[in-house]
1. Determine which member of the set Ser34, Ser8 is over 14 Å from Ile73 (Cβ atoms), under 17 Å from the mean Cα position of the chain (by Cα) and free of Cβ contacts under 8 Å to residues at least 60 places away in the same chain.
2. Give the number of residues within the stretch 57-108 that are among the charged types (D, E, K, R) and not in a helix (DSSP H, G or I).
3. Being at pLDDT 90 or above and assigned to a helix (DSSP H, G or I) narrows it down to one of Arg13, Arg32, so name that one.
4. Select from the stretch 124-145 the residues that are modelled with pLDDT of 90 or more and surrounded by 13 or more Cβ atoms within 10 Å (Cβ to Cβ) and list them in ascending order.
5. Select from the stretch 63-111 the residues that are more than 26 Å from Leu35 (Cα to Cα), crowded, with 18+ Cβ neighbours inside 10 Å and not aliphatic (A, V, I, L, M) and list them in ascending order.
6. Could we say that Thr59 is surrounded by 13 or more Cβ atoms within 10 Å (Cβ to Cβ) and without any contact (Cβ under 8 Å) to a residue 40 or more places away in the chain here?
7. Does Ser39 qualify as being surrounded by fewer than 11 Cβ atoms within 10 Å (Cβ to Cβ), among the hydroxyl-bearing types (Ser, Thr, Tyr) and not assigned by TED's automatic domain parsing to the domain that holds Glu137?
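The values are calculated or read from the model by the stated rules, or taken from the named source; none is laboratory data. This is a predicted model, so every value here is computed, not measured. Neighbour counts run over all protein chains shown; Cβ positions are idealised from the backbone, glycine included.
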Amino acid sequence: MFKLAKDSAIKSRTQAINQLQAVLVAADPALRESLSELSSRVLIRRCAQLDPTAPTDATSAAAWTLRLLAHRIECLTKEIDDLNRGGDRQANAALYRIALSRLRWDQRTRDYLNRRIAEGRTPREAIRCLKRYIARELYPLITKPQPTPVTDPSAT
């Protein structure tokens, strides 16, 4: 559920950033020049600070639209950051798939899970322990990968 909401917010934020860029391209050259060559983060912050008065012409309408889109992007960014429940949801999903695969094929993993359940944990808690165990096992492999030997193709 959390991943679904976060993915939706990310998609909406990307769409709002694209819209902001499109409005900026079509905006008055003076406004466009004042906001050119800025990083995305600074551009959004600068657009959020544009004049909040009601639009009376094309230039002020573009500025008003940029301000609205920037505020939407900031709200979606905050929502994305608040859905972070202490980790990467995709990595958590990958660990879960690894745990299920190991439970199906590896006797040591089944023994570990049975030992945790015998200690009084629920199957769900035991799988959470198993995921932490797998993460501790994989972390060194991910952060410090072993160099792969280079073979001479002419030697074969």
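1. Ser8
2. 4
3. Residue meeting the stated conditions: Arg13.
4. Hits for the stretch 124-145 are Glu125, Ala126, Ile127, Arg128, Cys129, Leu130, Lys131, Tyr133, Ile134, Ala135.
5. Scanning the stretch 63-111 gives Arg102, Thr109.
6. Against the criterion (surrounded by 13 or more Cβ atoms within 10 Å (Cβ to Cβ) and without any contact (Cβ under 8 Å) to a residue 40 or more places away in the chain), Thr59 qualifies.
7. yes
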